[in-house]
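Heads up: the structure comes next, in structure tokens.
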Amino acid sequence: MGKRALVTGVTGQDGAYLSQLLLNEGYEVFGLVRRSSTADVNDVRLRWLGIADDVRLVDGNLRDLSGLIRTFRTVQPDEIYNLGAQSFVKSSWQQPILTGEVTAIGVANILEAMRLERPEARFYQASSSEMYGLIQEPMQSEETPFYPRSPYAVAKLYGHWLTVNYRESYGLHASSGILFNHESPLRGIEFVTRKVTDGVARIKRGQVSELRLGNIDAKRDWGHSKDYVRAMWLMLQQDEPDDYVVATGRTTTVREMCRIAFEHAGLDMDRYLVIDPELFRPAEVDVLLGNPAKAKEKLGWEATTTLEEMIREMVDADLRRLTLAAAA
């Protein structure tokens with residue numbers, strides 16, 4: 001029998017690509033899903049990758065410690081990947097308490113369940129480059145001080161440090177990946193990269209006449225989710241747990257990312273892009289740029305997909321979605 005993995009946030013972008021990787025490595029994959037009336041569409045990303053029938057979904061909630069304990073007792077996972085969170089930064093100002101309960105306290109619940117039921121398992125926590133916020137160094141590494149600038153980032157920082165604390169307090173094999181922005185055709189429509197590629201596709205097809213964005217001068221270090229989930233898996237294959245920055249080492253403005261998308265569709269960006277002050281964040285993170293040297297040295301990992309390749313893939317995927325929807 002192969003290893004068993006439990007993935008929270010399994011229906012998200014990273015959860016889908018990670019499940020695909022784990023299945024290819026011979027794992028039995030269990031995915032924790034929050035029960036809802038939209039369950040029939042929640043596995044759309046798993047279906048996109050053709051693996052929906054291969055992932056065993058388990059009802060659960062990161063806010064329910066007793067339920068997590070029962071899940072650990074039943075599944076008996078060898079590896080636990082905590083990707084579940086309220087992960088949209090903008091919504092964290094509108095729902096700071098929910099964000100704290102899921103993104104912060106949810107980590108405490110899953111670590112407690114692991115400590116009580118599966119202390120021999122290995123744990124991965126999805127930390128975020130948003131924790132750096134108001135950057136203290138031009139290029140952010142594992143040693144760079146954090147300065148979170150949103151309720152989401154504050155919640156992620158709690159989960160990050162709690163993972164370190166449980167590792168040091170209880171000897172758990174618990175690692176955190178400080179992941180910089182990573183995207184794909186499976187990215188949620190509310191995130192800026194997918195908002196751009198979907199908007200460009202709709203303009204190309206004549207469905208809309210403009211794309212409205214906020215601060216397009218913000219800079220981000222963008223990579224592909226499929227690359228980044230490989231780093232997650234590699235962390236749990238190490239003899240010793242540790243924390244790693246996962247990034248490309250290249251930063252690009254939202255403006256430039258938009259230009260790539262519009263040019264790929266054969267469109268003039270200046271004709272369609274509209275800046276909307278209502279879409280600016282209350283506290284902006286101006287620049288993020290990760291230093292992946294440690295991940296490259298210790299994990300043998302580095303990004304393999306360029307920003308240009310990724311954005312073109314996303315535009316093509318959104319054009320295909322719209323074509324299929326029109327034909328339905």
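Below is a table of values for the structure above.
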{"quantity": "Residue list for segment 203-218, restricted to those being of a type in the set (D, E, K, R) and surrounded by 18 or more Cβ atoms within 10 Å (Cβ to Cβ)", "calculated": "Lys204"}
{"quantity": "Where a residue in segment 51-75 is assigned by TED's automatic domain parsing to the domain that holds Val107 and its partner, wherever it lies, is of a type in the set (Lys, Arg), with Cβ under 7 Å and at least six apart", "calculated": "Asp59/Arg35; Asn61/Arg34; Phe72/Arg118; Val75/Arg4"}
{"quantity": "Selection count where residues are surrounded by 20 or more Cβ atoms within 10 Å (Cβ to Cβ), assigned to a helix (DSSP H, G or I) and of a type in the set (Ser, Thr, Tyr), scope segment 115-165", "calculated": "3"}
{"quantity": "Some residue of segment 158-170 being aliphatic (A, V, I, L, M), at pLDDT below 95, more than 24 Å from Thr305 (Cα to Cα) and out of contact with any Ser or Thr (no Cβ under 7 Å at 6 or more places or on another chain)", "calculated": "no"}
{"quantity": "Test set (1) surrounded by fewer than 19 Cβ atoms within 10 Å (Cβ to Cβ); (2) within 24 Å of Glu284 (Cβ to Cβ); (3) modelled with pLDDT of 95 or more - Phe191 fails condition number", "calculated": "(3)"}
{"quantity": "Residues that are buried (at least 22 other Cβ atoms within 10 Å of the Cβ) and either in contact with a Ser or Thr (Cβ under 7 Å, 6 or more places away or on another chain) or closer than 24 Å to Glu25 by Cα (or both), drawn from segment 90-106", "calculated": "Ser92, Thr99"}
{"quantity": "The lone exception for Ile80 - which of (1) in contact (Cβ under 8 Å) with a residue 40 or more places away in the chain; (2) surrounded by fewer than 20 Cβ atoms within 10 Å (Cβ to Cβ); (3) under 22 Å from Gln238 (Cβ atoms); (4) of a type in the set (A, V, I, L, M, F, W, C) it fails", "calculated": "(2)"}
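For every residue, the table says whether it meets (1) among the basic types (Lys, Arg); (2) over 15 Å from Asp268 (Cα atoms).
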position: Glu168; (1), (2): no, yes
position: Leu172; (1), (2): no, yes
position: Ser176; (1), (2): no, yes
position: Arg187; (1), (2): yes, yes
position: Phe191; (1), (2): no, yes
position: Thr197; (1), (2): no, no
position: Gln207; (1), (2): no, yes
position: Leu211; (1), (2): no, no
position: Asn215; (1), (2): no, yes
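The values are calculated or read from the model by the stated rules, or taken from the named source; none is laboratory data. None of these values were measured; they are calculated from a predicted model. A quick note on method: Cβ atoms are made from the backbone with ideal geometry, for glycine too, and the neighbour counts reach across all protein chains shown.
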